[in-house]
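**Q** Before I ask anything, here is the structure I am working with.
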Amino acid sequence: MVASEKSCYKRILLKLSGEALMGDDAYGINRHTLARIVAEIGTVAALGVEIGVVIGGGNIFRGVAGTSTGMDRATADYMGMLATVMNAMALADAMRQAGLNSRVQSALNIEQVVEPYIRGKAIRYLEEGKILVFAAGTGNPFFTTDTAAALRGSEIGAEIVLKATKVDGVYSADPVKDPNATRYTRISFDDAINRNLKVMDATALALCRDQKLPINVFSIFKEGALKRVVLGEDEGTMVHC
């Protein structure tokens, strides 16, 4: 580690979408993309940062999409939770192959496959330097993995939630559709909610606001972006109280 490189945070919660694991594929997990994301996480772990990860399952199954075909919403959401468990296992395995020490904890009880989520144990793992991957969302239907990230971040005492997306921050409009859209460097929770900027779902935003837990939205596809966020550089958009 270079002496000048000092993290602004001791403990972070990284929110990864399932779609981030697809790379250029239409479905599933792209091994090259997975290895690249793990390498990015590794650069942050090398700074001594304690890392929790909440991962989605949209590359395998999305509960909301299931309801569009007539499936019961609760059933669809539980299927989506199982998809996140698969992604968490793949992520942890890729970390192991990269020499990173990780554990998976699931909000659904599947003890033959992964550990159940236990807050005290999770915090101990983080203090021991293990990277902890939280699977199965909150364990309840009708809640997104955004809300799971806000919840787990609050529970483990993270100093910030880092939301990894396809775009490099929060914009005034869709940058794909509007060439005049501008990126916010910083924006308050209230402004993000009132302007309906789609930073996270409303429940997650409200929870982070109430817990005074800032969010940084950045692009996981931008090389080195995760590390730059942790170092406090101008990367992504900071959502704050």
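**Q** Would you mind calculating the gained length between Met71 and Thr203 on full extension (0.36 nm times residue separation, minus the Cα-Cα distance), in nm to one decimal?
**A** Numbers: separation 132, 0.36 × 132 = 47.52 nm, distance 2.35 nm.
So the chain would gain 45.2 nm between Met71 and Thr203.
**Q** Could you tell me the extents of the chain's C-alpha atoms along the three principal axes, largest first, rounded to whole Å?
**A** Cα extents, longest axis first: 47, 46, 36 Å.
**Q** Which helices count as membrane-span-like in the chain under these terms: full DSSP H, at least 18 Å along the axis by C-alpha, Kyte-Doolittle mean of -0.5 or more?
**A** 31-45, 73-97
**Q** What aspartates and glutamates could a cross-link reach from Lys212, if we take a straight Cα to Cα line under 14 Å and drop same-chain neighbours fewer than 8 places away?
**A** Within reach: Glu155, Glu159, Asp190.
**Q** Now a separate question. Build a GNM of the chain with springs between Cα atoms under 10 Å: which of Tyr78, Tyr184, Tyr117 gets the top mean-square fluctuation?
**A** Result for the chain, Cα springs under 10 Å: Tyr184 fluctuates most.
**Q** What range in the chain is the longest one free of GluC sites (Glu not before Pro) that are in a loop by DSSP and have at most 16 other Cβ atoms within 10 angstrom?
**A** 6-110
**Q** Specify the residue with the greatest mean-square fluctuation among Val54, Val113, Val133, computed from a Gaussian network of the chain linking alpha-carbon atoms under 10 Å apart.
**A** Evaluated over the chain, the most mobile residue of the options is Val113.
**Q** If the cut-off is 19 Å between C-alpha atoms, which lysines fall inside it for Lys121, apart from same-chain ones fewer than 8 positions away?
**A** Within reach: Lys10, Lys130.
**Q** OK, next. In Å, what Rg and Dmax follow from the Cα atoms of segment 1-103?
**A** 15.8, 56
**Q** Let me ask another. Can you give me the Kirkwood hydrodynamic radius for segment 74-132, using every pair of distinct Cα atoms, in Å to one decimal?
**A** Computed over Cα pairs of segment 74-132, the Kirkwood hydrodynamic radius comes out at 12.2 Å.
**Q** For Lys166 and Asn196, FRET efficiency with R0 = 22 Å and r from the beta-carbon atoms, rounded to 0.05?
**A** My answer for the efficiency is 0.70.
**Q** Per 0.36 nm of contour for each residue apart, how much would the distance between Arg228 and His32 grow if the chain were fully extended, relative to their Cα-Cα spacing?
**A** Difference between extended and current length: 68.4 nm.
Every read-out reported here was derived from the displayed coordinates using simple, explicitly stated rules and does not represent laboratory data. The structure displayed is predicted, hence computed values, not measured ones. Backbone-built Cβ (ideal geometry, glycine too); neighbour counts: all protein chains shown.
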